[in-house]
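Readers should treat all values here as calculations from the given coordinates under stated rules, not as data from a laboratory. Here the structure is a predicted model, which means the values were calculated and not measured. We place every Cβ from the backbone using ideal geometry, glycine too, and count neighbours over all the protein chains shown.
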Amino acid sequence: MAPGAVIALGTKKHQEILYLGNQQEVADNGADEIIPMAEDSIFDLSSVTKIFTCLMVLKLVELGKIELSDKIYNLDHRFINLKEVSVEDLLTFKVTLKTRQRLETLNNLEAIEKEIFEIKPSEPEGRLYSDMGAMVLKYVVENVMNDNFYRLVQIYILQPCRMNSTYINIPEDADKRIVSNNFERRIINGNFVTLDKIFKGIVSDGKTRVINSFGVQLTGHAGLFSTAGDMAKLAMALMEEKVLSIESLKKIGINRTGKMIGENDVTQFHGYLCYSKNPIEMNSEVNHFLSGNAFALGGYTGNQLTIDIENGVYVFFASNRCHNRVTNITGAAEKDYVRDGYAKWNNGKNYKYNKRYAYDRDDYVMKPAVELVLKYRCLEYILGESTMKTEKECIVRKL
């Protein structure tokens, strides 16, 4: 499934961090070099970064700075084509946005931001989920608050949650803890493609990577690095209302877009910059044992955060699923390349193929983890808060 993983799960009172495997199998220079996973390994959160953007937008609502019904243009006049698009439209992916050119193909910040500020609504093509709404909301937050987005994230989220191992630029003394995402392999229409420049500390997302190279600190849809321990701190702090009120948090996971189509099909179920519970279990990022207020979001690099404010539980799973793996085969029959879970590369070597990563993650990790943490919560309820330890308990285990 992946070279290694760390999972943090818990309630307000009980926390466990489990880890196994390796944070690296191959060094950036291509040589075989095993580095074991650790409890404090640092992961590229990729799209899980959107949760921070969601929290910042809702924080501005609580501060009275904006309303969800506000039009984007009214909050930031640079978005000349978004006069009829609201903040809530972007939080829920109800409006599809498209730039004229792919941002990662542009070679200067002025051209990139011109594309972003001239972005237009377009007809949805298949799935509703997109990075662009979160990118726009980042600029809106900055404009309303007249401050840098990452600094605002630090003030309103990282500092109150005591997330001291969450970064955009990882310090040198933490370099050995960075999980590798390098050497992802894809077979595209018969062409063998190796992504071998995703060095440690460099984000995997192409748009973020290009924009960061011009000095922009955080893009809104990706770019943060963190540890399982820090993400557990975030989840617990949210449940303790250190960032937002419970009322605001319960709104995040409510389904805003999904509906049944006939008896056996559905549209996508989204909350605010996240997934909400889907009635078809195999299509649901949110485990079916959780409440209707629960929300979840996964990241391309192999991470997934699930928080259920109503039940008071969370699970964060982090892995390096792209590292030294074949992740995708398109335009050709898989049987031509894959046998017994391995894909044969054009150099004659066999590499593990993890196409079913999301399903395996849900079946073998997230489902049992959610069941376990709900049992902890039931025990707390049965025993009563007065009999529980007043301090938080954390258990760390290597599997």
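For the range 64-140, the list of GluC sites (Glu not before Pro) that fall in a loop by DSSP and count at most 14 other C-beta atoms within 10 angstrom reads Glu67, Glu84, Glu118, Glu125.
How high is the relative contact order of the chain, given as a whole-number percent (alpha carbon pairs under 8 Å, six or more residues apart)?
Numbers: 820 pairs, mean separation 98.6, N = 399.
The normalised contact order for the chain reaches 25 percent.
Output the peptides 200-206, 309-315 sorted from most to least packed, where packing is the average of other Cβ atoms within 10 Å over each peptide's residues.
Details: 200-206: 19.1, 309-315: 23.1.
Packing proxy ranking, top to bottom: 309-315, 200-206.
Taking other C-beta atoms within 10 angstrom as a stand-in for reagent exposure, Val370, Val266 fall in the order Val266, Val370, fewest first.
Think of the chain as a dipole: +1 on every Lys or Arg Cβ, -1 on every Asp or Glu Cβ, centred on the Cα centre; then among Pro36, Asn143, Gly348, Gly348 lies furthest on the positive end. Relative to one another, the C-alpha centroids of the range 227-303 and the range 22-43 are positioned 30 Å apart.
If you keep only loop residues by DSSP, which GluC sites (Glu not before Pro) in the range 260-305 have at most 13 other Cβ atoms within 10 Å of their Cβ? Taking the range 260-305 and a limit of 13 other Cβ atoms within 10 Å, the loop GluC sites (Glu not before Pro) found are Glu263.
As a rough footprinting exposure proxy, the listed residues Cys274, Cys378 were ranked by other beta carbons within 10 Å of their own, and the order from fewest upward is Cys378, Cys274. Evaluated at q = 0.06, 0.12 Å⁻¹, the base-10 log of the normalised Debye intensity for the chain, with identical point scatterers placed on the Cα atoms, takes the values -0.23, -0.99.
Determine the gain in length on full extension of the stretch Ala174-Thr257; use 0.36 nm per residue of separation and subtract their C-alpha separation, reporting nm with one decimal. Intermediate values should be presented prior to the final figure.
Details: separation 83, 0.36 × 83 = 29.88 nm, distance 4.06 nm.
Length difference between fully extended and current span is 25.8 nm.
Here r is the Cβ-Cβ distance between Arg78 and Glu241 and R0 is 22 Å; the resulting FRET efficiency, rounded to 0.05, is 0.05. Counting only helical runs of four or more DSSP H residues, what would the 222 nm mean residue ellipticity of the chain come to if each run contributes -39,500 (n - 2.57) and the total is spread over all its residues? It lands at -7000 deg cm²/dmol. The range 141-186 and the range 305-333 have Cα centres separated by 19 Å. For Tyr139, the shell of other residues with beta-carbons less than 13 Å away shows a net charge of -3, using +1 for Lys and Arg and -1 for Asp and Glu.
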